[in-house]
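Engineer: Next up is a structure, given as structure tokens.
Throughout, read-outs are computed from the coordinates displayed, never taken from laboratory work. The structure presented is a predicted model; accordingly, all values stated were derived computationally and were not measured. Positions of Cβ are backbone-derived with ideal geometry, glycine not excepted, and every protein chain shown enters the neighbour counts.
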Amino acid sequence: MLCAVSKLRVKLKPAIRRLRHNEQGYALVLTAAAMAVIIAFSSLVIDGGYLHFTHARLQDIADSAALAGAKELITAPGNENKKKRAAFETVIRYVSLHGFNIASTKGYTASLTCRGQAGDLAVGFPSELDLVEVQISLDTHVFLAKAPFRISSCPIRVSSAVMIGQAARQKGWLLPIAFFWGEYEWYTRYDMNLAPGDGSTGNYGYLDYKPSNMFKEYLEWGYDGALTVGQAVETYPGASVGQVRDAILGRIAGCTHGCSITCVNEAVEVDIEPLCPRVVIIPIVADFFEQNGKGYVIIKGFSKFFIESYDPDTKVITGWFLQEVSPSEITGSSSKFTTQAVKLIK
Ligand SMILES: [Zn+2]
């Protein structure tokens with residue numbers, strides 16, 4: 001806009017020179033010039049303020065749409081393409097809730113209108129499932145600048161990026177059963193087997209959250225404390241087969257809805273009620289070691305797990321790794337069967 005003011009000055013120069021010898025004319029020119037400057041400055045203040053406000057509002061919308069899209073990318077069932085499609089649709093829904101009309105969509109882009117102003121939206125996934133970018137541009141109306149500068153709109157472009165990574169911390173809902181780290185896939189059925197022996201050779205073992213005498217309650221209701229990736233946790237050697245069996249079968253019996261996950265032709269159908277007792281948070285551990293006669297494991301992550309069934313004879317838990325967004329910091333690992341966290345980076 002400052003550049004437009006200097007253009008106006010150049011335009012007026014010959015007229016000023018012509019009228020310099022005519023006092024009345026000169027006064028007129030001075031008044032006109034002063035008015036032009038006043039209008040120019042007013043437009044700078046009013047339009048500038050409006051453009052600044054619009055930029056901030058668009059940035060807020062892009063940030064929250066990117067965060068919502070990233071969360072959908074994590075939790076949507078299906079393969080990578082289905083996840084991206086679901087994330088894109090969430091971004092579109094989010095933007096339309098904020099007063100934009102979606103004129104058309106193509107791929108992961110859309111044409112928008114907002115109060116007679118035209119714009120574009122693009123959602124990008126530059127790093128597979130680890131990053132979501134949202135760009136919004138809008139030809140924003142200007143008001144006072146119309147007269148002196150013949151400008152009717154000014155393009156505003158904002159962009160936002162959200163990083164996805166493994167959650168570093170989990171508070172609450174923790175089962176005292178830990179799975180040993182493996183290359184598991186999300187929304188895939190697994191048989192987790194407790195092999196005989198020291199617990200480090202099977203798929204799972206037991207953790208000793210303190211106080212130890214609450215083990216049964218932890219199995220039934222979950223441990224309410226917090227665990228962090230990298231933390232060493234004592235293993236629990238005192239778990240009785242009966243206690244574990246009763247707690248897990250009790251959780252399955254407590255599901256009144258008949259929650260299920262089915263997979264037909266690679267399409268995953270998830271029908272799980274919120275707060276279903278069959279959905280648990282399981283610490284994922286590795287690096288078993290012994291110190292002063294006690295066993296320890298290192299927390300590597302957390303997993304939201306749906307208990308489909310439990311066989312008390314073989315001690316096999318059959319279930320699915322679900323995907324979950326946690327309000328946590330993120331770690332460097334991009335493993336996707338563990339709970340995830342999101343972070344706005346731009
Ligand atoms: Zn249920």
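Engineer: Per the helix-only calculation at 222 nm, which mean residue ellipticity applies to the chain, given -39500 (n - 2.57) for every DSSP H run of n ≥ 4 and division by its residues, nearest 500 deg cm²/dmol?
Structural biologist: Theoretical 222 nm ellipticity from helices: -11000 deg cm²/dmol.
Engineer: Sorted by average packing, counted as other Cβ atoms within 10 angstrom per residue and highest first, what order do 294-302, 259-267 take?
Structural biologist: Result, highest mean first: 294-302, 259-267.
Engineer: Next question. Choose one of I74, C263, L112: the residue whose Cα lies farthest towards the positive end of the charge dipole of the chain (beta-carbon charges +1 Lys, Arg; -1 Asp, Glu; about the Cα centre).
Structural biologist: L112
Engineer: About its Cα centre, how strong a charge dipole does the chain have in debye, to the nearest 20, once Lys and Arg get +1 and Asp and Glu get -1 at the Cβ?
Structural biologist: Values: 34 positive and 33 negative charges, 579 e Å.
About 2780 debye.
Engineer: So, in Å, what gap is there between the alpha-carbon centers of segment 213-284 and segment 56-78?
Structural biologist: 29
Engineer: I need V241, V158, V268 ordered by Cβ neighbour count within 10 Å, fewest first.
Structural biologist: Ordered by Cβ neighbours within 10 Å, fewest first: V241, V268, V158.
Engineer: Next question. Along the positive direction of the dipole of the chain (beta-carbon charges: Lys, Arg +1; Asp, Glu -1; about the Cα centre), which of Q291, S159, N213 reaches farthest?
Structural biologist: Among Q291, S159, N213, the one farthest towards the positive end of the dipole of the chain is S159.
Engineer: Percent relative contact order of the chain, based on C-alpha pairs within less than 8 angstrom and at least six residues apart?
Structural biologist: 18
Engineer: Any of K83/K343; K83/K315; K171/K343; K294/K336 with alpha carbons more than 23 Å apart? Name them for me. Walk me through the numbers on the way to the answer.
Structural biologist: On the way: K83/K343 18 Å; K83/K315 34 Å; K171/K343 18 Å; K294/K336 31 Å.
Long pairs (Cα-Cα over 23 Å): K83/K315; K294/K336.
Engineer: Hey, another quick one. What does the charge count near C263 come to, summing +1 for each Lys or Arg and -1 for each Asp or Glu among other residues with Cβ under 10 Å from its Cβ? Before the final figure, lay out each step's value.
Structural biologist: Numbers: positive: R189; negative: E266, E269.
Charge balance near C263 sits at -1.
Engineer: A further question on this structure: Taking the Cα centre of segment 235-346 as the origin, how large is its charge dipole in debye, to the nearest 20, when only Lys and Arg (+1) and Asp and Glu (-1) carry charge on their Cβ atoms?
Structural biologist: The calculated dipole for segment 235-346 is roughly 400 debye.
Engineer: Return the single residue from L44, L175, L249 with maximal mean-square fluctuation; model: Gaussian network over the chain, springs between Cα atoms under 10 Å.
Structural biologist: The residue with the greatest mean-square fluctuation here is L44.
Engineer: Still on this structure, please answer the following. Rounded, prolate or oblate: which fits segment 235-346, taking a ≥ b ≥ c as square roots of the Cα gyration tensor eigenvalues, rounded meaning a/c under 1.5, else prolate when a/b beats b/c?
Structural biologist: oblate
Engineer: Something else about it: What is the antiparallel percent of DSSP beta bridges lying wholly in segment 228-346, to the nearest 5?
Structural biologist: Bridges in segment 228-346 are about 95 percent antiparallel.
Engineer: Still on this structure, please answer the following. Modelled label-to-label distance, D246 and N79, 7 Å Cα→beta-carbon offset: nm?
Structural biologist: Modelled inter-label distance: 4.7 nm.
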